[in-house]
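All of the numbers you see were taken from the coordinates with simple rules; none came from a lab. Only a predicted model underlies this, so the values are computations on that prediction, with no experimental measurement involved. FYI the Cβ positions are ideal-geometry reconstructions off the backbone, even for glycines, and counts take in every protein chain you see.
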Number of protein chains: 2
Amino acid sequence: MNIQRGEGEYRYKKVEQEISKHIEAGDIVPGDKLPSLRQMSTNLKVSISTVSHAYEELEKRGLIESRPRSGYYVRSEFRKIPTPLAKIAQKLEPHTVTKNKLIQTALETVGNKNLLPLGVVCPSSELLPTKQLAKIMSAVIRENPEISVNYESIAGNLQLRRQIAFRSVDCGSNVTADDLIITTGAMEALYISLRTLTRPGDLVLIQAPTYYCFLQLVENLGLRAIEIPSCPENGINPESISSAATTFDIKACILAPSFNNPDGSLTSDDRKKEIVKILAEKNIPLVEDDVYGDLFFGETRPRTFKSYDLDGGVLLCSSFSKTIAPGYRVGWLSPGRFKDKAMEVKATTNVSCASPTQMAIARYLHEAHFDRHLKRLRSAMKDQMGKMRAEIAMSFPDGTKITDPKGGSVLWVELPSKIDGVELFFKAREEKIGIVPGAVFSTRDAFSNYIRLSCGALWSDEIQKGVRRLGELATE
Amino acid sequence: MNIQRGEGEYRYKKVEQEISKHIEAGDIVPGDKLPSLRQMSTNLKVSISTVSHAYEELEKRGLIESRPRSGYYVRSEFRKIPTPLAKIAQKLEPHTVTKNKLIQTALETVGNKNLLPLGVVCPSSELLPTKQLAKIMSAVIRENPEISVNYESIAGNLQLRRQIAFRSVDCGSNVTADDLIITTGAMEALYISLRTLTRPGDLVLIQAPTYYCFLQLVENLGLRAIEIPSCPENGINPESISSAATTFDIKACILAPSFNNPDGSLTSDDRKKEIVKILAEKNIPLVEDDVYGDLFFGETRPRTFKSYDLDGGVLLCSSFSKTIAPGYRVGWLSPGRFKDKAMEVKATTNVSCASPTQMAIARYLHEAHFDRHLKRLRSAMKDQMGKMRAEIAMSFPDGTKITDPKGGSVLWVELPSKIDGVELFFKAREEKIGIVPGAVFSTRDAFSNYIRLSCGALWSDEIQKGVRRLGELATE
């Protein structure tokens, strides 16, 4: 093997990554001795000092340990850790959502900038194109001062809609600019969808676990929810959908098939196709959350439900909040055959979105910076997630399970059943560590021994120490 | 009298304004001969050419006419025109709002940039601080690239909330930064208020006429409305409120006490105080729309309902859309004692507003540009409104009545009863003139012979011709 240095990369980093990959894959197991510095230097065709630097970093991360007068060993505490299984509900039954108080507390904790950001799913600013975007914003405003102060149309900036439509080919959605409504983030797209499809008291189908803001919205709109299990390994099972849809009068489904927050699950394209078919037959609209779709770690982008939609029954919700700029609040809704009603809801909620942010994102996409940026971002997220998994594997109590997502930015951690996630959440908050307790991701009490950890922040000693401390708190 | 030239003003403009003021006030009536150029030049201590220039402008505006070898006369078509009276409902009764289709058509017409903007209530870009704002936006983004891409808190940018709180002293509201939620325009503030206070099927009290987007929202939320008359001269009568509140189970009132769109009415401060007292006694929350409050033509800013609020029952909604930048979509809600619920609705609708636009407006307010700008804007709006009134007075059919608002940006025109406003709206649209038919401002068919004309655009030959042509169409 020959370690090549890419532009702007350090050789020792490559060595470090190479070795940790093998440890995580289980190629070398706890107790194994690593090759000597000299031997490794010959193997990888790098200098001894590079290997030494890499070993030091691996030691810092807790993956290996040096034993005096003997060399480096894979730490015995390190172990391969299993993935949590899907939580099967005893019986499918509608629930009124009543977790708003706890969710509110969790939400405030996530937003608290004084805490270690293990609760924040958005990539940290260092990973976002902040400077480039600032330049573009200045330019578009300077060039179009009048347009920037004036109302956009209800559907939103046409250039932006064209760019989004153009990019929708990637995920098979193939929507046109005319099929799109620009929204204040994906959350507003989801809100518009539910206001369009339901009335208070109606029943909606969700997957469990699901993003807590969806539950909060469901509660806020006075809806009831029926939960089907989401499996960390395989996502949503079409059979569960079919069975629920046969038993209950469901007005809408809300599903995140690609890297569901919090379990990171990916529903395969074949299953997506089947689910769309089942729901179309029963005439049940499907609200799709695709905010993490662009953050895939594999070779190709997962497809969307929308890409299998033949009768306009899928309402696709997405945004640039996880990829370009959360604070720009630029999202979109492709409402299928419900466009008229969705436009009415948008108009009566806030008329239209802010003009300057739409203009800036449109220009950013047009200048083709996005794909290059996404590539870097995906690689960073994958790296951060790997490091966090390794640290959890080492620091958390026996019996812990972690997901191994193929994309997205969160890890879903199942703690031994006696550990209460909410208690851990409050304990961690006292030590200025922000996490999210599993309990807020379901209407039922199914995930009381779970927590969600986010990998959005650049990996650092501070983050590593935080995760380790969390492990200690859980063990206590 | 001595005509002084202010900085950047033309003397002839001052002369023109002086004379038109006297014509509009009825001091000189149709048929009266104006003083000769020489005489007027001596009277006003300006040059003959200045007077000549002013007379030409007045002739262009159609206020005076030159008769060969005789001099200038006030045009005989010009007449003093009365103000419409309040429309008293035969009987107070709840109505289901069903005007969405017509409102949608009107809304699309207002947004159509190919039409003469007599339907657009926002000041035209020339009257907005576009360049200053563009500079400020560039600066804040360049100085804070990270903050600008990150989520704001649910309540919104703290600096912005402080500025709004600081300014709230002017209108007596005296809210603190902590009492405020930043919203995507005042429309979102209103939407949050109604979602906070009502459920589908509930009854809300509104004034008639009222802004059609409010009606659309009421319909969209499945609410029913009870209408009390709004009087162009005196605004809202506390007795109507009291009587309706005694008879019906009202869950919320939505009132615009200062320059109500469309009738421009101003409810006096004494009446405001009484209305707040009546509603507090009956424990009925009051949603206040104050978007035009800063556009007063008199000496002092009208107070708000909020300034008389003792128990947090008033929810104040406002924005910078009519004064700084409609497209920035920066508004606010001061939700009184309903803050917790309102925050929940905001969080589940779209989490938070765009960061860059909030930062830019906060800086703009902080640098104290706003008051200077408002002064200029108020003077422009007053001037434009005066010119439009004069033109309507001359061009519209006999029996027409027009409001004479003390602020705001719209005129409410009552046409002779046989003329249908909706028909005129469609006719005008064919000739590329955008207006809004009166029918969309009420749940009942009370205003079928009304239209609303907006004075937001800089007065020009084009606008003048448009108004004149509208008069011709109405006469046909």
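I need the calculated FRET efficiency for the pair A:Glu476 and B:Glu430, taking r as the beta carbon distance and R₀ as 56 Å, to the nearest 0.05. Plugging the Cβ-Cβ distance into 1/(1 + (r/R0)^6) gives 0.15. Cross-linked pairs A:Lys101/A:Lys406; B:Lys13/B:Lys465; B:Lys387/B:Lys465: Cα-Cα separations exceed 24 Å for A:Lys101/A:Lys406.
Using Cα atoms only, what is the angle between the long axis of helix A:130-143 and the major principal axis of chain A, expressed in degrees (0 to 90) to the nearest 10? For helix A:130-143, the angle is close to 30 degrees. Shape summary of chain B, radius of gyration then Dmax from alpha carbon positions: 23.2, 74 Å.
Taking amide hydrogens as placed 1.01 Å from N in the peptide plane, the amide H of A:Ile433 sits under 5 Å from those of A:Leu116, each at least 5 positions away in sequence or on another chain.
Note on segment A:218-356: dipole from Cβ charges, positive end direction compared against A:Leu266, A:Ala225, A:Pro335; the farthest Cα belongs to A:Pro335.
Beta-bridge orientation, the protein assembly as shown: approximately 60 percent antiparallel, per DSSP, counting only bridges with both partners inside.
Peptide B:143-156 has a mean of 6 when you count, residue by residue, the C-beta atoms of other protein chains within 10 Å of its C-beta. Determine which lysines satisfy two conditions relative to B:Lys277: a Cα distance under 17 Å, and not lying fewer than 8 residues away in the same chain. Counting by Cα, and skipping residues close in sequence, B:Lys277 has these lysines nearby: B:Lys251, B:Lys306.
Temperature 10 °C, viscosity 1.306 mPa s: under these conditions the Stokes-Einstein estimate for segment B:11-74, based on its Kirkwood radius over C-alpha pairs, is 138 µm² per second.
Taking Lys and Arg as +1 and Asp and Glu as -1, the other residues whose beta-carbon sits under 10 Å from that of B:Thr210 total -3. Fewest neighbouring Cβ atoms within 10 Å first, the residues A:Cys353, A:Cys213, B:Cys253 line up as A:Cys213, B:Cys253, A:Cys353. Only counting other Cβ atoms within 10 Å, I'd like B:Lys427, A:Lys346 sorted with the fewest neighbours first. The most exposed by this proxy come first: B:Lys427, A:Lys346. Per residue of peptide B:123-132, the mean number of Cβ atoms on other chains within 10 Å of the residue Cβ is 3. The percentage of C-alpha pairs in the protein assembly as shown whose separation is greater than 42 Å is 43%. Look at the Cα gyration tensor of segment A:244-342: its axes a ≥ b ≥ c give a/c of at least 1.5 with a/b at or below b/c, and that counts as oblate.
B:Leu92 label point (Cα plus 7 Å toward Cβ) to equivalent points in the other copies: 5.0 nm, shortest first. Our note on the geometry: Cα centres of segment A:364-385 and segment B:337-381, 33 Å apart. The spread of Cα positions in segment A:140-186, taken along each principal axis and listed from longest to shortest, comes to 36, 19, 18 Å. For segment B:452-475 and segment A:259-322, compute the distance between their C-alpha centroids and round to whole Å. Segment B:452-475 and segment A:259-322 have Cα centres spaced 51 Å from each other. Only Cα sites of segment A:8-153 enter the Debye sum here, all with the same form factor; the resulting log10 I(q)/I(0) across q = 0.12, 0.18 1/Å is -0.85, -1.09, listed in q order. Positive contributions from Lys and Arg (+1) and negative ones from Asp and Glu (-1), summed over other residues with Cβ under 10 Å from the Cβ of B:Asn237, come out at -1. Shown here are the Rg and Dmax of the Cα trace of segment A:93-214, at 18.9, 56 Å. Counting only other chain Cβ atoms within 10 Å of each residue's Cβ, the peptide A:327-339 averages 3. Pairs exceeding 20 Å between alpha-carbon atoms, taken from B:Lys273/B:Lys382; B:Lys60/B:Lys131; A:Lys346/B:Lys346: B:Lys273/B:Lys382; B:Lys60/B:Lys131. Shape class for segment A:129-366, computed from the alpha carbon gyration tensor (a ≥ b ≥ c): prolate, with a/c not under 1.5 and a/b above b/c.
Just check segment A:336-403 against the gyration tensor rule for me: Cα atoms, a ≥ b ≥ c as the square roots of the eigenvalues, rounded for a/c under 1.5, and otherwise prolate or oblate depending on whether a/b exceeds b/c. It comes out oblate by the Cα gyration axes.
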